[in-house]
Amino acid sequence: MKYNNAVIGGHFVISFDNVINGFLAVVMAPLFFGSSQDPIIQLLSSYAAYAALFVTGPIGALMFGRMGDKFGRKRALLISITGIGLPVFMIGILPTYSLIGITAPIILIFLRMLQGFFKGAEYSGVLIHNHEMGHKKVSSSANIISLGCCGGCAAAVTCWLATQDGYPDWSWRMPFIVGGLLASIVFFFRMRIPETDDFIEIQNQHKTLKSPIMTLLRYHKLETAVGIAVCAMYTSFAYSSMMFGNRLFQQAGYPVSQSMIFSMFDMLWISISISICGKIADRIGMVRQIQIGSLILIAASYPLCTLIAGELTLFKIYLYMVCVTFLSASIASCSAAYVLRLFPAQCRYTGFSITDSLGAIIGGATPFMMLLFSALFETNIGCVIWFYVTTIPTFVLIYLMDRKIQNNASETV
């Protein structure tokens, strides 16, 4: 299974950049939101700023989705990786609240929104390019997603090194600078990638659409809703482990740097789990795995949240993370292959980008929502509400989508 390294390398970089934003939210909270003396308010503000990374994703997905469907996958991938690297690098050199006051968090949020604008097309473009170059097995896209988790592991190690005791106060900036430089390297190699076979065929047959988004709204409403829900469900569980897990370690009394190295092992487990689940899906079928996986997530939400309620221990936190990670991987491994097949090639870039970016908004809000519900209920058991919000509607939509596919197949026969 031969991959184009210049294409999938972008997914490694985007995952690296995404994770450093989440992991360093705790460190950056007092630096950029120092107007409040309450550490909970500072952390909520920092998580909200992290969620801003996902808000502009749908706008970027709409713009780059049209570009990818009308002018080619390669052009969209070249521009998106540039737009991701520059804001990350600029965060690394951004003055803090103590130097420029309220301007600091405003610029930080703007840069994350700018990063999210381009992120809306990068992840989708990588998986679409891989799919349209002939790698259509579930395990193929699962391996790319797994590679992204390796980028998260690299980010965790980098953040851990940057927050060691005795390091300069500005050392937290280094992961952002590294992330920006990595994006520029990917851009250089990506200039030589080929256009996909599917797009060349569409272009030769003059079947490109003037308005792919209108085609989605007119003919693919359910497919769009399902894509959003699937992405929201697995990212919510994944971020509850990756990002909120970092908070749980600190809540249990571990220092920031140690919490990050603990979280690195979770990222490794995510990477392994997604690869395993991708191979399982190749055997039992991705639709069956998504259906069973979403049902198990609904049933397991409350028992999982009881693990992090009350007194926290290292064993309880890791047991929570191991279970949540594997269950989310059962969906994440199939998500790209499943959603890509819902849309025809003429509007595939737009459809996949839009659904992924809108689902990512919901998933990206997970650290904020879990911290908010924990504060409201004064216990982490409140997190179960957020899990039910993202799992139950998804299970229903997947069921409806399966019925629609079966009905269409019977009508064709």
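A few notes on this one:
- Residue count for the stretch 9-46, restricted to those that are surrounded by fewer than 19 Cβ atoms within 10 Å (Cβ to Cβ) and either modelled with pLDDT of 80 or more or outside any loop (DSSP other than H, G, I, E, B) (or both): 5
- When 91, 109 are checked against the criterion of being more than 22 Å from residue 181 (Cβ to Cβ), crowded, with 19+ Cβ neighbours inside 10 Å, among the β-branched types (Val, Ile, Thr) and touching a helix residue (DSSP H, G or I) at 6+ places or on another chain (Cβ under 9 Å), a single residue qualifies: 109.
- Whenever a residue of the stretch 299-314 is of a type in the set (Gly, Ala, Ser), its partners that are surrounded by 16 or more Cβ atoms within 10 Å (Cβ to Cβ), lying with C-beta atoms within less than 8 angstrom and at least six residues away or across chains, give the pairs 300/323; 300/327; 301/384; 301/387; 301/391; 309/380; 309/381.
- Restricting the stretch 193-236 to residues that are in contact with a helix residue (DSSP H, G or I) (Cβ under 7 Å, 6 or more places away or on another chain) and outside any helix (DSSP H, G or I), the residue that is surrounded by the most Cβ atoms within 10 Å (Cβ to Cβ) is 196.
- Qualifying residue in the stretch 299-318 (condition: part of a helix (DSSP H, G or I), among the polar types (S, T, N, Q) and under 19 Å from the mean Cα position of the chain (by Cα)): no
- Residues that are crowded, with 18+ Cβ neighbours inside 10 Å and on the phi > 0 side of the Ramachandran plot, drawn from the stretch 297-325: none
- Exclusive hit being among the small types (Gly, Ala, Ser), surrounded by 21 or more Cβ atoms within 10 Å (Cβ to Cβ), within 26 Å of residue 20 (Cβ to Cβ) and touching a helix residue (DSSP H, G or I) at 6+ places or on another chain (Cβ under 9 Å), set 328, 294, 275: 328
- Criterion applied to 96, 56 was being β-branched (Val, Ile, Thr), on the phi < 0 side of the Ramachandran plot and at pLDDT 85 or above, and the one residue passing it is 96.
- Residue list for the stretch 111-136, filter: assigned to a helix (DSSP H, G or I) and more than 15 Å from residue 199 (Cβ to Cβ): 111, 112, 113, 114, 115, 116, 117, 118, 119, 120, 122, 123
- Of all residues in the stretch 290-318 being at pLDDT below 90 and of a type in the set (Gly, Ala, Ser), the one that is nearest to residue 382 (Cα to Cα): 309
- All positions within the stretch 64-106 that are under 20 Å from residue 348 (Cα atoms) and either free of Cβ contacts under 8 Å to residues at least 12 places away in the same chain or touching a strand residue (DSSP E or B) at 6+ places or on another chain (Cβ under 9 Å) (or both): 71, 75
- So residue 280, is it part of a helix (DSSP H, G or I), closer than 20 Å to residue 390 by Cβ and not charged (D, E, K, R): no
- Search result, residues across the stretch 321-346 that are out of contact with any Cys (no Cβ under 8 Å at 6 or more places or on another chain) and among the hydroxyl-bearing types (Ser, Thr, Tyr): 325, 328, 338
Here is a yes/no grid of residues against (1) under 21 Å from the mean Cα position of the chain (by Cα); (2) within 26 Å of residue 15 (Cα to Cα); (3) of a type in the set (Lys, Arg):
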residue: 341; (1), (2), (3): yes, yes, yes
residue: 344; (1), (2), (3): no, no, no
residue: 358; (1), (2), (3): yes, yes, no
residue: 371; (1), (2), (3): yes, yes, no
residue: 380; (1), (2), (3): no, no, no
residue: 395; (1), (2), (3): yes, no, no
residue: 400; (1), (2), (3): no, no, no
residue: 404; (1), (2), (3): no, no, yes
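- The one condition in (1) within 19 Å of residue 242 (Cα to Cα); (2) surrounded by 24 or more Cβ atoms within 10 Å (Cβ to Cβ) that residue 334 fails to fulfil: (1)
The values are calculated or read from the model by the stated rules, or taken from the named source; none is laboratory data. Quantities reported herein were computed from a predicted structural model and do not represent experimental measurements. A quick note on method: Cβ atoms are made from the backbone with ideal geometry, for glycine too, and the neighbour counts reach across all protein chains shown.
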